[in-house]
Amino acid sequence: MYEAELVKEAGLTDGEAKVYLAMLELGSSTTGPIIEKSKIARSFIYNILDKLMEKGLVSYIIRENTKYYEAASPRRILDYIEKRRNQLEESKNKVENLLPQLLLMREGSPSTEIHVFEGYKGLQTAYLQYHHRLKKGEEVLALGILPIQEDKYHEFWKKDHIQRDKEGIKNRMLFNKGTDKKILKNRNSYKLCEARYMNTDIYTESWIMVYKNVTQISLQDKKKPMVIEIINQSIANTFRAYFEDYWKNSEPFN
């Protein structure tokens, strides 16, 4: 399959490429249809799905005690290409040419209302989707941001803030008390970002991001990071209202 060969050049194994492409066409699915369409043996399917989740290319939802898997946007493949740019520039161009076809495959599949992303790569995939969902002048809100995070997260956030500013997307952030002042100073150094401390002693182990009709609840556990994404306007409106109330009672950072 021509598409499978190109996807493999982005860093996927033959089995991962076949399963990923099958899932793009199927949409939300249990393992049975995925096995049938990808022609992958049942004994290998769960291991391949776990690998794809680690790479941030697959999420799942549980309905009636059954897992339904769904492929992430093909745009995520480009992240792997960027890491190998010097050696794989030609492969990157091929995958970029294939993107419109892959996106059409995904858009034609049934959508789900809740996605679960696991692992550090999965967290990145979930977070970065706002770049493709928001336009210049629109806004991302973040509530209850952790006071202590691993350095790799801070480096990721800093890189993303630069990109967000370039795209003209606004960002307001509320951090838990106890967060190092240097972190808030950094976030406020970006043109379209304002960061403040929450005016409460509540300590949260997870944090919330809201934009448009999307709510993401992120748990940055060292062993198993996780993001639960809910696409629902009423739920997003509810968390947005909580954010605005906390924001109203906070003070600008000095």
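The values are calculated or read from the model by the stated rules, or taken from the named source; none is laboratory data. What you are looking at is a predicted structure, and each value in this text was computed from that prediction instead of being measured. Note that each Cβ is placed from the backbone with ideal geometry, even for glycine, and that neighbours are counted across all protein chains shown.
Going by the conditions given, is TYR127 out of contact with any Lys or Arg (no Cβ under 7 Å at 6 or more places or on another chain) and of a type in the set (Phe, Trp, Tyr)? So TYR127 passes the test. Quick one: would you say SER206 is assigned by TED's automatic domain parsing to the domain that holds PHE243 and touching a Ser or Thr at 6+ places or on another chain (Cβ under 9 Å)? Spelling it out, SER206 is indeed assigned by TED's automatic domain parsing to the domain that holds PHE243 and touching a Ser or Thr at 6+ places or on another chain (Cβ under 9 Å). Would you confirm whether any residue within segment 82-102 is modelled with pLDDT of 85 or more and either part of a strand (DSSP E or B) or not charged (D, E, K, R) (or both)? Taking every residue of segment 82-102 in turn, none turns out to be modelled with pLDDT of 85 or more and either part of a strand (DSSP E or B) or not charged (D, E, K, R) (or both). The combined condition, being among the acidic types (Asp, Glu) and at pLDDT 90 or above, is fulfilled by GLU36. Count of segment 132-156 residues, restricted to those that are among the charged types (D, E, K, R) and within 21 Å of TRP247 (Cα to Cα), is 2. Against the list (1) surrounded by fewer than 19 Cβ atoms within 10 Å (Cβ to Cβ); (2) touching an Asp or Glu at 6+ places or on another chain (Cβ under 9 Å); (3) farther than 17 Å from PHE117 by Cβ; (4) assigned by TED's automatic domain parsing to the domain that holds GLN124, the condition ASN237 fails is (2).
The number of residues in segment 122-151 that are within 20 Å of PHE175 (Cβ to Cβ) and in a loop (DSSP other than H, G, I, E, B) comes to 5. In segment 183-196, the qualifying residues are those that are assigned to a strand (DSSP E or B) and surrounded by 18 or more Cβ atoms within 10 Å (Cβ to Cβ), and the one that is farthest from the chain's Cα centre (by Cα) is ARG196. Starting from segment 173-202, take each residue that is over 13 Å from PHE243 (Cβ atoms) and touching a residue at least 24 places away in the same chain (Cβ under 8 Å) and list its partners that are outside any loop (DSSP other than H, G, I, E, B) and among the acidic types (Asp, Glu), counting only C-beta distances under 6 angstrom and pairs at least six apart or across chains. Pairs that qualify, where the first residue is over 13 Å from PHE243 (Cβ atoms) and touching a residue at least 24 places away in the same chain (Cβ under 8 Å) and the partner is outside any loop (DSSP other than H, G, I, E, B) and among the acidic types (Asp, Glu), are TYR190/ASP165; LYS191/ASP165; LEU192/ASP165. Each residue in segment 164-182 was checked for being part of a helix (DSSP H, G or I) and surrounded by fewer than 19 Cβ atoms within 10 Å (Cβ to Cβ), and 5 of them qualify.
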